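Just so it is clear, none of the values below were taken in a lab; they were calculated from the coordinates. Predicted model only: the values in this text are computed from it and were never measured. A quick note on method: Cβ atoms are made from the backbone with ideal geometry, for glycine too, and the neighbour counts reach across all protein chains shown.
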Amino acid sequence: MAADRAPERSAQDAAVRRDLAVRAAVDQGLIGGGDGDEPLVCLLDVAGIRASAAALTAAFATALPAGTPVLHAFAVKAAPLVPVLRLLADAGLGCEVASPGELALARAAGVPPERTVLDSPAKTPAELREALALGIAVNADNAQELARLDALVGSAPTRSPLGLRINPQTGAGAIGALSTATATSKFGFALRDPGMREWLVAAYRDRPWLTRLHVHSGSQGVPLARMAEGVREVHALAGEINAAAGRRQVDTLDIGGGLPVDFTSDAGSPTYAEYVGALRSAVPELFGGAYGLVTEFGRSLLARHGLVITRVEYTKASGGRAIAVTHAGVQLATRTVYVPEAWPLRMLAYDAKGTPKEGPPVVQDVAGPACFAGDLLAAGRALPELSPGDLIVVPDTGAYCFATPYGYNSLPRPAVYGFTADGPAVRFALVREAQGAASIVAEAGGGQRDALL
């Protein structure tokens, strides 16, 4: 019974830390209520991030035989911040990278090559050469990329574990744009296309250096059973390859990530333990110790542990609808603004001192600063009536939000701080500085002002 209530207690503890952090951010001048100078700041809960990493590693460790090789590689695209990658590395995680920039971030964080995985559908020859020279694991996306690997492996030895990404074609989830295992997905080798299964078995038989299989069948909106189905398909393919080779050629399965996040409450479901349970039901042989495992979780590790705090600058009414204009919008929560039905976020109201605001609910829009009508964090949301100087806190923004800002209207990137709460005392550590005007000008070609004259 105590274990069953552990996620509930964890959510309650996180909510307490959040309230403490908001009040401390005001008290310590990170965010200004009233006429304060700082109208926007973003926070990361260090204890929450560590707890997520521990829950992930424990869920798989308890299900696998002792000594089974496992690498949990964080999907850098979810939160490309070097201190975050460093924190996760300290918690035992590696990195999954999908571009030269993400690889540079992982290396800057001190993540070693042997704990790094390169995935991308568009790797250049230079990217492949660098990865193979460093000994980074590579999952090839298509036959033309495999041909490039043939040439590179033939010209120079490498320590890199190499494999192919498989599209199990198990179907879409609730968000089509994020569904990677559809019949026509741009990713990987389409397993159910005519002749593909036989082609793959032959490809491995002819290349003893192909020792991994990769699948990524999950994401936001994909149910656990469908995620597990994709893993089951690749596990079966590994068995066929090894039988054809007459030996244990495929020794590692990279089963991707994509655990969904519930953005409607502080509850942590689905949990990593629940996902492992779904895998054990669908493909129990996965936990027999015959294969090493790699995972690539991102959103589920970080989303819950980030929050945006923004000041209400003005309030107004239009057509009978109350509107609160804030400094957080499309530049931070891009998906929410453009596809609100798929990416709703909670809005929490605080007063200028950082105390949760009370009062009868009033239906209001929470608007961002960008110059287009659709820049709304929330439309028709019931909240205590907001006034200038109040604060809106947007939880669950630790992944794919403020860590990956969008440069609309040349709005500056906000400062990001990590926080730790020791009782009522809250300490902040700068993760990323707020962007200044000089940086915005430099990015916009300020140093080449006369280039087109």
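Please list, in order along segment 75-92, the HN-Hα scalar couplings obtained from phi with the Karplus expression 6.51 cos²θ - 1.76 cosθ + 1.60 (θ = phi - 60°), rounded to whole Hz, x for Gly and Pro.
In residue order, the calculated couplings are 6, 4, 4, 6, 7, x, 10, 4, x, 5, 4, 5, 4, 5, 4, 5, 8, x Hz.
Quick one: if you stick a label point 7 Å off each Cα along the C-beta vector at residue 453 and residue 86, how many nm between them?
4.3 nm
With a Förster radius of 56 Å, plug the Cβ-Cβ distance of residue 199 and residue 362 into 1/(1 + (r/R0)^6) and report the FRET value to the nearest 0.05. Numbers along the way, then the final one.
Values: r = 61 Å, r/R0 = 1.09.
With a Förster radius of 56 Å, E is 0.35.
Note down the magnitude of the dipole of segment 20-150 about its Cα centre, charges +1 on Lys and Arg C-beta and -1 on Asp and Glu C-beta and zero elsewhere, to the nearest 20 debye.
340 debye
Evaluate 2.2 N^0.38 Å with N set to the residue count of segment 191-245, then give the Cα radius of gyration divided by it.
Values: Rg = 12.6 Å, N = 55, 2.2 N^0.38 = 10.1 Å.
Cα-based Rg divided by the globular estimate yields 1.25.
If amide H atoms are built 1.01 Å from N in the plane of the peptide, which residues on other chains or at least 5 residues away come under 5 Å of the amide H of residue 385?
So residue 385 has HN proximity to 362.
Compute the convex hull volume of the Cα atoms of segment 199-337, divide it by the residue count, and report the result per residue in Å³ as a whole number. Intermediate values should be presented prior to the final figure.
Working: hull volume 22.0 nm³, N = 139.
Spread over its residues, the Cα hull of segment 199-337 gives 158 Å³ apiece.
Count the net charge of all other residues whose Cβ sits under 13 Å from the Cβ of residue 249, scoring Lys and Arg as +1 and Asp and Glu as -1.
+2
If you look for lysine pairs in the chain that are eight or more places apart or on different chains, how many of them have Cα atoms under 20 Å apart?
Details: 77/123; 77/186; 123/186; 316/357.
Taking the Cα cut-off of 20 Å, the pair count is 4.
Work from the charge dipole of segment 368-453 (Cβ charges, +1 for Lys and Arg, -1 for Asp and Glu, about the Cα centre) and give the residue of 452, 418, 435 farthest towards its positive end.
452
Karplus couplings for segment 98-113 from phi (6.51 cos²θ - 1.76 cosθ + 1.60, θ = phi - 60°), rounded to Hz, Gly and Pro as x?
9, 6, x, x, 5, 5, 4, 5, 4, 5, 5, 7, x, 6, x, x
Return a whole-number percent for the relative contact order of the chain, with Cα pairs under 8 Å and 6 or more residues apart as the contact set. List each step's numbers first, then the result.
Numbers: 961 pairs, mean separation 83.5, N = 453.
In percent, rounded to a whole number, it is 18.
Give, in nm to one decimal, the length gained when the segment between residue 269 and residue 422 is fully stretched (0.36 nm per residue of separation minus the Cα-Cα distance).
Details: separation 153, 0.36 × 153 = 55.08 nm, distance 2.63 nm.
The residue 269-residue 422 span can extend by a further 52.4 nm.
Roughly how big is segment 112-297's charge dipole about its Cα centre, with Cβ charges of +1 (Lys, Arg) and -1 (Asp, Glu), in debye to the nearest 20? Don't jump to the answer; show the numbers that get you there.
On the way: 17 positive and 20 negative charges, 83 e Å.
For segment 112-297, the charge dipole is close to 400 debye.
As a test of the formula, what do you get for the chain when each DSSP H run with n ≥ 4 contributes -39,500 (n - 2.57) and the sum is divided by the residue count, at 222 nm and rounded to the nearest 500 deg cm²/dmol? Let's see the in-between values first.
Values: 12 runs with 138 residues, N = 453.
About -9500 deg cm²/dmol.
Quick one: which residues, 5+ away or cross-chain, put their amide H under 5 Å from the amide H of residue 167? H built at 1.01 Å from N.
Amide H neighbours of residue 167: 189, 190, 191.
Report the antiparallel proportion of the DSSP beta bridges in the chain as a percent, rounded to a multiple of 5.
Details: 33 of 69 bridges.
About 50 percent, rounded to the nearest 5.
Would you mind getting the Kirkwood hydrodynamic radius of segment 197-281 from its Cα pairs, rounded to one decimal in Å? Working shown, then result.
On the way: mean 1/r = 0.0705 Å⁻¹.
It works out to 14.2 Å.
Indicate the gyration tensor shape class of segment 29-128 (rounded, prolate or oblate), computed on the Cα atoms with a ≥ b ≥ c the square roots of the eigenvalues: a/c under 1.5 is rounded; otherwise a/b larger than b/c is prolate and the rest oblate. Write down the numbers at each step before the final one.
Details: a/c = 3.05, a/b = 1.39, b/c = 2.19.
It comes out oblate by the Cα gyration axes.
Using only the alpha carbons, work out the radius of gyration and Dmax of the chain in angstrom.
23.5, 73
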